[in-house]
Amino acid sequence: MIDETAEEIREMRTHSSSVVAVKAARALRDLLDKDYPTVEEYVRALERNSNALRRANASHASLVTTQRAIVEGVRDADPASVAEAKEVTAAAIDDVVDTVENAKHAAAEATAERIEDGQTLLTHDYSSTVLEALELAAQDGKHLDVFVTEARPRHLGRKTARTLAAIDRIDPTLIVDGASGYYLPECDRVLLGMDCIVDDTYYNRVGTYPLVATAADIGTPVTVSGSSAKLVDDGFRFENDFRDPSEVIREPPEGFEVENPAYDATPTRLLDVVVTDEGVEEY
């Protein structure tokens with residue numbers, strides 16, 4: 001399961017970074033069913049497999065921080081036996097999963113409270129936190145119009161639009177990324193998830209920076225929502241993921257290069273607020 005999960009993360013078959021962190025944490029349970037002669041060998045196996053999961057997408061801050069928390073939790077416990085080491089690992093995994101899921105839900109609830117009935121919103125990419133916030137707002141009786149960018153080249157926005165279309169009181173409209181500037185004047189707010197925020201830089205799916213910069217230029221406020229685990233500073237360096245050119249153009253390019261970065265960097269000064277489980281940060 002660990003190898004399969006790492007491959008899934010590399011191929012971005014799971015789009016939400018919070019879901020990725022949970023899946024990766026649970027994948028480490030595979031080690032609990034294997035035999036190890038010594039505690040040292042078990043810890044080495046844990047470290048090796050955790051590193052493999054982290055390397056599958058080093059840009060996911062929540063993946064990196066949760067894996068680090070599990071490994072450090074086992075090391076710090078200094079278990080006297082393999083059985084004890086496995087017990088500590090299982091408890092650390094459960095703790096990480098509960099923390100991520102509860103934080104994401106709390107962030108979604110806090111975001112939903114800031115959404116008003118009748119608003120027109122615009123969102124980019126696919127964020128499980130944003131989707132939950134919109135669904136909670138709709139369940140509270142709020143009627144919403146939502147523009148959804150395709151999030152090319154992987155078109156993750158199409159999945160977002162299909163999900164929103166199944167929720168009562170929400171009317172989604174799918175648009176190409178380049179049309180966001182055309183529709184932003186109609187919007188009350190831009191609502192986005194996040195991969196992470198490192199110091200004063202907000203990292204999210206490529207296309208976020210031009211969208212946020214345009215929103216700032218015309219005065220449409222931008223709200224970013226996510227778990228506080230995605231707010232990082234010391235000990236984490238964001239590494240962009242450059243995807244296969246075939247996602248951009250199917251036929252082999254002749255006479256030109258193709259670049260396909262997965263994320264871009266947006267200055268946090270262009271944001272209005274960041275909503276997490278720990279509160280609201282205004283910019």
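Numbers below:
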item: Any chance LEU270 is open to solvent by 30 Å² or more (accessible area, probe 1.4 Å) and closer than 24 Å to GLY181 by Cα; result: yes
item: From LEU192, LEU174, LEU184, residue being of a type in the set (A, V, I, L, M, F, W, C) and in contact with a Gly (Cβ under 8 Å, 6 or more places away or on another chain); result: LEU174
item: Restricting region 101-158 to residues that are polar (S, T, N, Q) and either at positive phi or surrounded by fewer than 22 Cβ atoms within 10 Å (Cβ to Cβ) (or both), the residue that is modelled with the lowest pLDDT; result: SER128
item: Number of positions in region 239-259 that are assigned to a loop (DSSP other than H, G, I, E, B) and within 30 Å of TYR202 (Cβ to Cβ); result: 10
item: Residue in region 27-45 that is within 19 Å of the chain's Cα centre (by Cα) and at pLDDT below 95 present; result: no
item: Single residue of region 79-91 satisfying the filter (open to solvent by 20 Å² or more (accessible area, probe 1.4 Å) and part of a helix (DSSP H, G or I)) that is farthest from TYR42 (Cα to Cα); result: ALA91
item: Pick from region 164-204, criterion part of a helix (DSSP H, G or I), touching a residue at least 12 places away in the same chain (Cβ under 8 Å) and open to solvent by 70 Å² or more (accessible area, probe 1.4 Å), ranking: farthest from GLU116 (Cα to Cα); result: PRO185
item: Unique match (being more than 14 Å from the chain's Cα centre (by Cα) and at pLDDT below 95) among GLY207, GLY235; result: GLY235
item: Single condition SER59 does not satisfy, out of (1) within 30 Å of ILE170 (Cα to Cα); (2) small (Gly, Ala, Ser); (3) modelled with pLDDT under 95; result: (1)
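The values are calculated or read from the model by the stated rules, or taken from the named source; none is laboratory data. Not measured: the values here are computed from a predicted model. Heads up, the Cβs are rebuilt from the backbone with ideal geometry, glycines too, and the neighbour counts pull from every protein chain shown. Note: accessible area is taken over every heavy atom of the protein model, side chains too, but ligands, DNA and RNA are not part of it. Shrake-Rupley method; radii C 1.70, N 1.55, O 1.52, S 1.80 Å.
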